[in-house]
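Let me begin by presenting the structure, written as structure tokens, before commenting on it.
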Amino acid sequence: MTRTSVLLILGAVICHCRNRTTTGKKNCRKVKLERDMAGGGGAPAPKIDEPQPHPPKDQLPNVSYCITSPPPWPEAILLGFQHYLVMLGTTVLIPTALVPQMGGGNEEKAKVIQTLLFVAGINTLLQTLFGTRLPAVIGGSYTYVATTISIILSGRFSDEPDPIEKFKRIMRATQGALIVASTLQIVLGFSGLWRNVARFLSPLSAVPLVSLVGFGLYELGFPGVAKCIEIGLPELILLVFVSQFVPHVLHAGKHVFDRFAVLFTIAIVWLYAYLLTVGGAYNHAAPKTQSTCRTDRAGLIESAPWIRVPYPFQWGAPTFDAGEAFAMMMASFVALVESSGAFIAVYRYASATPLPPSILSRGIGWQGVGILLSGLFGTGNGSSVSVENAGLLALTRVGSRRVVQISAGFMIFFSILGKFGAVFASIPPPIVAALYCLFFAYVGAGGLSFLQFCNLNSFRTIFVLGYSIFMGLSVSQYFNEYTAINGYGPVHTKARWFNDIINVPFQSKAFVAGCVAYFLDNTLHKKEAAIRKDRGKHWWDKYRSFKTDTRSEEFYSLPFNLNKYFPSV
């Protein structure tokens, strides 16, 4: 090849590269011009023949009964009983874990479960009547467990030789801490301070919070199913099959199987577990296996009284310790943030409009009253929104307030008639864990649904979303893993109450993710006009005040014309 030929080839290659570079720059300029014309970093306006995106919806469509439209009474009663069964899981599991460590036996455990159930019924009625008025069940919360265990392990109870007296002393100490901690939510809620915080919440910052309120409880899902796989897995498979596949196969026209899937599957698998128990399948199994698989090992039916009405100070006068009160107050604040996310999920699945900040603040205030009642009655645990019942709203597509009020009636009724309530409370834990797999997933997906209001083509949106969710999972994993291995958290000083104040918040995935997203969303280039649309804030602007949308009054106004005396802003 001659020198002239080589030069000609090189010249052709250089010209080709220059043409490609020029074309690429033109394409980039074209994309940027189209993006600027669309405004706010969005995609160009679609042509008529292009696929159209799904339009965002303020209210979730295809919900059979919203807040103000109750189903017929027979159906409402069955649905209410279903909500009662679902909330029993947490109500039974928390005392089952705590009472033996406190020194109590089966009789004390049965009484604590009755008390927790009774207070949950009262708090649910208060929340649906005077709080947010959403169909939210207010029950026990795992957030308070770590602080309660810290009170149990404090050295001031180790000198008590009588286990029952030790149980009562620890319970009274827990009551005192809960009574003081309730003031935090009462003050933040009723003073309107939480309203000012909620006004800066956008759909973007709500996504990590609400998503991890559901997804963050994955440890209570399949790991619980696997503790007795021959019971938990059939419940999980049956629940998905009956609720999702059967209605489409039968085409019955009526929502029977999807709406009452929990009742059908619990009855079938519970009977199956009972047959395994009486058939001797677990006679020679390990004690741990027997406690999770057998239907006769809860010890509640024999220990529960026939009729008993829980009453305040039933364990004696509460005792107060400043350090324990501050630690419980921090747990109360974590529960406040988590409940705010759960309230958002509930309004979504009840097909209501976005919560006005003043209504959310009012609900937090009444939740504080619920924690006060927990302290007065002695439940050993604080109150928060039941995440699993929020998921049940999605499964049944019934967001009626009346249904949840009926379930509150079941809670109070069966807490007084102890023997009958103990029968249902004896459902094997793997069955409950299988329900969690579905309900927590629904709540997490409800959080992801708010992405429809955000611009996912914005790098700012992607950063805030990805970083906050990752940190929510990663930070809490470190704190929980460190505690599991060492028996204490990363912050380990001689002051146990100080350790809890630091460790407990970082063990909550939803709390960490929500706080990180809230901070970044309100500080990162917030003042730019295009950013406001990227955050989805413009979708929630008309709900910043109670009176700017007429639907807010329909869903959230107080009964008995009380809005006249307690107006919402």
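The values are calculated or read from the model by the stated rules, or taken from the named source; none is laboratory data. A quick note: this is a predicted structure, and the numbers were derived from the prediction, not measured. Note: ideal-geometry Cβ built from the backbone for every residue, glycine included; neighbour counts use all protein chains shown. SASA here: full protein model, heavy atoms, side chains in, ligands and nucleic acids out. Shrake-Rupley method; radii C 1.70, N 1.55, O 1.52, S 1.80 Å.
Brief remarks follow.
- Computed [θ] at 222 nm, helices only, for the chain once each DSSP H run of length n ≥ 4 contributes -39500 (n - 2.57): -21000 deg cm²/dmol
- When Rg and the Kirkwood radius Rh are both evaluated on Cα atoms of the range 366-460, their ratio Rg/Rh stands at 1.07.
- Folded to 0 to 90 degrees: helix 387-396 orientation relative to the chain principal axis, Cα: 70
- The chain: angle of helix 203-215 to the longest principal axis, Cα-based, in degrees nearest 10: 40
- For the range 471-524, the per residue solvent-accessible surface stands at 50 Å², with DNA, RNA and ligands left out and a 1.4 Å probe.
- Within-15-Å neighbourhood charge of residue 396 [Cβ basis; K, R +1; D, E -1]: +3
- Mean shadow area of the range 338-380, taken as a quarter of the surface of its Cα convex hull (nm²): 3.5
- The loop-placed trypsin sites (Lys or Arg not before Pro) in the range 248-333, going by DSSP, that have at most 12 neighbouring Cβ atoms within 10 Å of their Cβ come out as 254.
- Calculated over the range 463-569: convex hull of Cα atoms, volume per residue (Å³): 181
- Cross-link check: pairs 509/547; 57/564; 166/419; 111/227; 419/509 evaluated at a Cα-Cα cut-off of 28 Å; pairs beyond the cut-off: 509/547; 57/564; 419/509.
- Using θ = phi - 60° and Karplus 6.51 cos²θ - 1.76 cosθ + 1.60, couplings along the range 366-375 (whole Hz; Gly, Pro as x): 6, 5, x, 4, x, 5, 4, 5, 4, x
- Spherically averaged projected area of the range 228-341 from its Cα convex hull (nm²): 13.2
- Each pair of Cα atoms in the range 111-208 enters the Kirkwood radius, and Stokes-Einstein at 25 °C and 0.890 mPa s then converts it into a translational diffusion coefficient of 149 µm²/s.
- Within the range 453-502, trypsin sites (Lys or Arg not before Pro) in DSSP loop having at most 12 other beta-carbon neighbours inside 10 Å: 494
- The range 511-569, accessible surface, carbon-and-sulfur percent (1.4 angstrom probe): 61
- Nearest-ten-degree value, helix 429-448 long axis tilted from longest Cα axis of the chain: 30
- Taking a Cβ cut-off of under 15 Å around residue 300, the surrounding Lys, Arg, Asp and Glu residues balance to a net charge of +2, with basic ones at +1 and acidic ones at -1.
- Chymotrypsin sites (Phe, Trp or Tyr not before Pro) restricted to the range 139-200 and DSSP loop, no more than 15 other C-beta within 10 Å: 200
- A cut-off of 5 Å between modelled amide H atoms, ignoring neighbours fewer than 5 places along the same chain, links residue 383 with 371.
- Distance between the range 210-242 and the range 472-495 - C-alpha centres, whole angstrom: 25
- Remark on the range 413-493: hydrodynamic radius 17.1 angstrom, per the Kirkwood mean of 1/r across alpha carbon pairs.
- Cα centroids of the range 69-89 and the range 92-150: 20 Å apart.
- Karplus (6.51, -1.76, 1.60) ³J(HN,Hα), θ = phi - 60°, over the range 56-71, in Hz, Gly and Pro reported as x: x, 10, 5, 10, 5, x, 6, 8, 5, 9, 8, 4, 9, 10, x, x
- Separation of the range 498-516 and the range 340-382, taken as the distance between their Cα centroids, equals 19 angstrom.
- Hits among aspartates and glutamates - C-alpha to C-alpha of residue 537 under 13 Å, sequence gap 8 or more where chains match: 58, 521, 528
- Local electrostatic count at residue 509 - Lys and Arg +1, Asp and Glu -1, tallied over other residues with Cβ under 14 Å: -3
- Distance histogram for the chain (every C-alpha pair counted, 10 angstrom bins, percent rounded to whole numbers): 3, 16, 26, 25, 15, 7, 4, 2, 1, 1, 0
- Whole-Hz ³J(HN,Hα) from phi, Karplus 6.51 cos²θ - 1.76 cosθ + 1.60, for the range 165-176, glycine and proline x: 5, 5, 4, 5, 5, 5, 5, 5, 5, 5, 4, x
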